[in-house]
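Student: Please find one structure pasted underneath; my questions will follow.
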Amino acid sequence: MADADEPIRSPDHDSVPLGKIVAYCLAIVSIAAAVIHFAIASDHFQQYWLYSVYMIVVAWAQLAWAIAIAVRPSRPLLWSGAALGGAVLAGFIITAATGDAIGTTPPAAGLSGFGDGLTAVLEVLLIAGCAWVLAARLGRPVQRQRGILAPATAGVATAVLLSVALATAPTPAASAGSNSAAGHLSSGTHMSPGMAMPGTASSVKLATTTPAGDITMPDTNMQMMPGMRMASSKPCAAAPTTAQQKAAVSWVDASWKGAQKYQSLAAAKAAGYRPLTPSGARVVHYIDVSAYLAVLSGGPVLATAQPQSLVYANTPKGAVLVAAMYITSPHGPTPQPGGCLTQWHVHTNLCLSRGLQVVGTLSPGQPACPAGSRNKVTPAMMHVWFVPIPGGPTAIDAPDPQIVHAAEQVPAPRNGTA
């Protein structure tokens, strides 16, 4: 390379400095990384607006750097490219590990699996390539025709890998999540009530003792509310085994037996349950803090005698118990006694107070949490329904109007408003 701040120059018209060839390859890598960040920015906006803004800023920075390094490569540009790649890689690692890099993290939004891996590899290549050119001072000339081969090969290989990453990325509808506590704080729904599971799984129909009716396969292909997604980024559609079917029925029946005493809202309050979501809404979640603390201390998650949360629907005849909800610890176990019949979901747009209450939801109209609350990805949770909503007792969720309508169909003690 030339002096510290001078661009890399060609010695004659028939040759190109090796450093400039590497710079062309690095520009291709940076453009690919920018394309990925542009592609996933919209998915992240519905979960946390600042994360989406971060993606867009990074994408434009990577695109601008790629143009600059290809037009006039220089040592300052190489240093800035290494710094940009390092910052993006660090944010990627912190986000994947803790969810705290920028505000809140939706780990499964946008790309996952191969796409995430490709993103990390591109940043590593960018850092390593910049460092190599800076350290080796690659000023020796290479025949121009031979020099074209490396960028061309890099471009084709990167385009193929980028196409695979974008083509195999899960759609927001498949990975966004379930309509639970967050959905009950918002009006309307975008969920499909039908079943859409492949093969023999779609024919599962298991009788239970609950007023919710028969267990069927959860519909993970429904379009979910913003800010909600399945706990696992990998779709669970396998037909349950005979043992899993029996376990699902036993678990649902045990959940109903354990929760029947809480049909009385007064009994639930006396047992320590208090509102988790705003009282007076169509659907209200209650939590037993002591039961959840037991989970945090290593106790069983699927404690049917004392579930961590109860769900009530406010109907004209008063509050009706509609579900038990099991909540695991952060990054804790998510047992599936019924295999794909029993699936977990999380929320990414809830504003939680220090007292574990949901005090708001993030949205384009409300991009920040109320004072004293914080937005974090929730621990995984799973419902067992006690009213006949579409999908049966192990349905992932249902819109509020369906839940209230189902609650009006079952006998219940006289309660006040939840």
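Student: Mind scanning Lys257/Lys317; Lys205/Lys246; Lys261/Lys317 and naming the pairs with a C-alpha gap bigger than 21 Å?
Tutor: Lys257/Lys317
Student: Test of understanding: what is the full-extension gain from Ala128 to Val164, defined as 0.36 nm times their sequence separation minus their Cα-Cα distance?
Tutor: 10.6 nm
Student: Sort Tyr54, Tyr312 from largest to smallest accessible area, using a 1.4 Å probe on the heavy atoms of the protein chains.
Tutor: Heavy-atom accessible area, descending, gives Tyr54, Tyr312.
Student: Could you tell me what percent of the accessible area of the range 361-418 is made up of carbon and sulfur, with a 1.4 Å probe and every protein chain present?
Tutor: Heavy-atom surface of the range 361-418 belonging to carbon and sulfur, 1.4 Å probe: 57 percent.
Student: Sequence gap at least 6, Cα distance under 8 Å: using those rules, report the relative contact order of the range 241-362 to the nearest whole percent.
Tutor: Worked out over the range 241-362, it gives 26 percent.
Student: As a test of reading the structure, rank Thr328, Thr208 by solvent-accessible area (1.4 Å probe, protein chains only), most first.
Tutor: Descending accessible area places them as Thr208, Thr328.
Student: Where does the charge balance sit around Val133 when Lys and Arg score +1, Asp and Glu -1, over other residues with C-beta under 13 Å from its C-beta?
Tutor: Neighbourhood net charge equals +4.
Student: Using 0.36 nm times the number of residues separating Arg354 and Ala254, minus their current alpha carbon distance, what extension gain do you get?
Tutor: Result for the pair: 32.8 nm of gain on full extension.
Student: I would also like to ask the following. In Å², what does the accessible area per residue of the range 215-315 work out to with a 1.4 Å probe?
Tutor: 40 Å²
Student: Suppose a student asked you for the relative contact order of the range 366-418, using Cα pairs under 8 Å spaced at least 6 residues apart; what percent would you report?
Tutor: Averaging sequence separation for qualifying contacts and normalising by length gives 24 percent for the range 366-418.
Student: Then there's this: Among 125-136, 17-28, how do they line up by average Cβ neighbours within 10 Å per residue, starting with the highest?
Tutor: Per-residue Cβ counts within 10 Å, averaged per peptide and sorted highest first, yield 17-28, 125-136.
The values are calculated or read from the model by the stated rules, or taken from the named source; none is laboratory data. Quick caveat, the model's predicted, so the values are computed rather than measured. Cβ sites come from the backbone with ideal geometry, for glycine too, and all protein chains shown count toward neighbours. Each accessible area value is taken on the protein alone, full model and side chains, heavy atoms only, with ligands, DNA and RNA left out. Shrake-Rupley method; radii C 1.70, N 1.55, O 1.52, S 1.80 Å.
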